[in-house]
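Visitor: Let me begin by handing over the structure; questions about it come next.
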Amino acid sequence: MKSKKMNLKEMGIELYQDLHIFFRIIREYVFPYFPLVALSIVFSILVAACFGGSIGFLKPIMDNLFEVDGYQKIVHHEYLEAYAPSVSKWVDSVCNAPTQAEQGRNLFTLLLVSVILILILEYFFKFWEEYLIGKVVEHVSCDLSRDLYAHLQKMDIGYINSTGVTRFLSSFTNDILYVNKGIKTLFGKIIGEPLKAIFTIALAFWLNFWMAMIAFTVVPFIFIFIYFVSRRVKKHTKSYLKRRGNLVSLTSDTLYGSRVVQVFCMEEVELKRFQYENEKTYQSNVKILFYDALSTPLIVISTSLVGGIAVWYVGLEVLNKQISAGSFFAFYAAMGALSDPVRKLSNVFTRIQGAIVASRNIFDILDTPSKIQDPPHPLPLSSFSESIEFKNVSFSYGSSEQSVQVLKNINLKVLKGEKVALVGRSGAGKSTFVNLIPRFYDCLTGAITIDGINIKEVKLKDLRRLIGIVTQETLLFNSTIYENIQYGSTNASRETVIEASKKANVHEFVIETEKQYDTMIGEQGIQLSGGQRQRLSITRAILKDPQILILDEAASSLDTINEQKIIEALDQFMVNRTTFVIAHRLSTVVNADKIVVLKEGQIVGVGTHSELLQNNSDYQELYQKQFSALSDTKETSKIQENVVAQKISESEMEKE
């Protein structure tokens, strides 16, 4: 007994949470369009009234056809004369004729025309009801998409990477679609259809109270069944949305990595993976369809059986002359018409359960705050004039100090205009180091300052306006070459864009394309080579003209000739500009003002190339491995030439 009470309590809590999350969608996204919703509800009421009225007219029509004195009973009905005497007089004046047969024909024509007009009005109101609620649904969809997109634009990189892009894409497509269905169902059916049912039920009770009571004893059992079905649908909807997200993720990965899939002959393996996820998605959706399809026939059959018994009894009353033929037909029509709103209401709860699951997924994203926030009282930072300093900086990708630290007790001061190179083995923490400067992540302990100001105490936009970044993973958009270069510098003129392109040695290949700067480059710049994409990315950074430049393997996708061109352009661009360079090829960093050697997240050496080559064993090891691997290449010659040149320069300075 105790466990049963606990189960009921848990069910009550779950129901409350479900309603709370769904009505939050209503409160925050539907209520702003309350006038449209209210007008739609008014039209729903009018539709329901017309629906019930058209059925109610069956009684006078049938009484007029089958009753000998039907005309008198209808026109001079006690209720009509008592509550609408003017209507009674008007009908009598319109239908009055010398003979009883002519009176019946006139009344029949009037009643039939009235029913037709009511049906026309019903569907006129139905049009406005559906149009208005459809407009509200589209508004909600637009607002949800906007808020999701705006929220994700402000989220920290760590959250986006850990959650996965396809999870967000799933919310933009599947979750919002399910919410739309729920809202349309709520305001399109849960108001209009019950009103239809109320009108038909009222008519049935007016025609035969006790038989209507018997007919509606099935209603509590219908609600129990609906609750049972809705719980099952909620469970399978949650599974379906998760599986659908997995399927989108798998499809995205394999299409973007199609070259890797094909070169490793993994098509069959990937197809099997896809078929597995696709089958699981199919099974989840089929279960939803099963319960959705099951609810309608079971509810309609149960109401039809009970309604049939009631109609049979009323038919006996007609044969016994207890009620009129018109009352029988009207009662029969009411029982039949009741199945329409009941049938439509049967899948209301399944739609709403799907919307509840989707709403929870959406609010899980919207309610997650970014770990990178603007300070409540930011300090001004419009320029950079002195230095950037790392003070006892430690960082881990976990959320606690017990997590494995990627950077440990980093202390480094970089003066304005210095070129700083970060070297070390893969996984040493080089990219993490530079990612802390624009606050893609926040350090776990310690502080990073610019001109003595903690970067956490300034606005993110103010900080990031000072910084330009070029990474080894080029990000280009499905637009023109010009728009990709101008991205982030929207005020730049076309002449300025072309000038930046010439500096980055991009102009030459651009003018060879079909539409030059107006050439579309495709998704992720697929129409360009890897080197061209990288050079466009570098041009974008040059155009921004940042005071702090971060190059994370910026020349990794270039051949030797193009690399040399870019290095020459960057060397000119980096003059008097604070630059952080990450490169595995030492030839690109030997001329740095400072070379920082990282090992397992710690700084194990700082100095010039020649200083480190003489005094730092870790740097010597990196140099020797690269030297031996490239002993027969131009890369080695370049390193040797730079080393010799530096040693000659140093020896000359010593002589002086």
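Since every read-out is calculated from the coordinates, none of them should be taken as a lab result. Model, not experiment: these values are computed from the prediction. Positions of Cβ are backbone-derived with ideal geometry, glycine not excepted, and every protein chain shown enters the neighbour counts.
Visitor: For LEU422, enumerate residues with amide H under 5 Å from its amide H, sequence gap 5+ or separate chain, H modeled in the peptide plane.
Guide: Here VAL581, ILE582, ALA583, VAL596 satisfy the definition.
Visitor: Could you order the peptides 430-443, 156-169, 528-541 from most to least packed, using the average number of other C-beta atoms within 10 Å per residue? Numbers along the way, then the final one.
Guide: Working: 430-443: 20.3, 156-169: 15.1, 528-541: 22.6.
With the highest mean Cβ count within 10 Å placed first, the list reads 528-541, 430-443, 156-169.
Visitor: I've got another one for you. Report the net charge of residues surrounding SER387, where surrounding means a beta-carbon distance below 13 angstrom and charges are Lys +1, Arg +1, Asp -1, Glu -1. Please list the in-between numbers first.
Guide: On the way: positive: LYS391, LYS413, LYS416, LYS594; negative: GLU386, GLU389, GLU418, ASP451, ASP593.
Spelling it out: positives minus negatives among the neighbours equals -1.
Visitor: What does the highest-first list of 418-425, 350-357, 506-513 look like by mean Cβ count within 10 Å? Numbers along the way, then the final one.
Guide: Numbers: 418-425: 22.2, 350-357: 25.8, 506-513: 16.4.
Packing order, densest peptide first, comes out as 350-357, 418-425, 506-513.
Visitor: Here's something else I'd like to know. With 31 Å as the limit, write out which pairs from LYS154/LYS408; LYS503/LYS625; LYS461/LYS594; LYS154/LYS430; LYS135/LYS344; LYS461/LYS515 have Cα-Cα distances beyond it, or answer none. All intermediate terms of the calculation are to be shown ahead of the outcome.
Guide: Values: LYS154/LYS408 28 Å; LYS503/LYS625 34 Å; LYS461/LYS594 28 Å; LYS154/LYS430 24 Å; LYS135/LYS344 21 Å; LYS461/LYS515 34 Å.
Checking Cα-Cα distances, LYS503/LYS625; LYS461/LYS515 exceed 31 Å.
Visitor: At 4 °C and 1.567 mPa s, what whole-number value in µm²/s does Stokes-Einstein give for the translational diffusion of region 567-625, with Rh from the Kirkwood sum over Cα pairs? Walk me through the numbers on the way to the answer.
Guide: Numbers: Rh = 12.3 Å.
Calculated translational D: 106 µm²/s.
Visitor: Averaging sequence separations of C-alpha pairs under 8 Å and six or more residues apart, then dividing by the length of region 383-490, give the relative contact order as a whole percent. Walk me through the numbers before you get to the answer.
Guide: Working: 128 pairs, mean separation 31.5, N = 108.
Once normalised by length, the contact order is 29 percent.
Visitor: What order do you get for 373-379, 41-47 when each peptide is scored by the mean count of other beta carbon atoms within 10 Å, highest first? Present the calculation step by step, with values, prior to reporting the outcome.
Guide: Working: 373-379: 11.6, 41-47: 19.9.
The packing order, highest mean first, is 41-47, 373-379.
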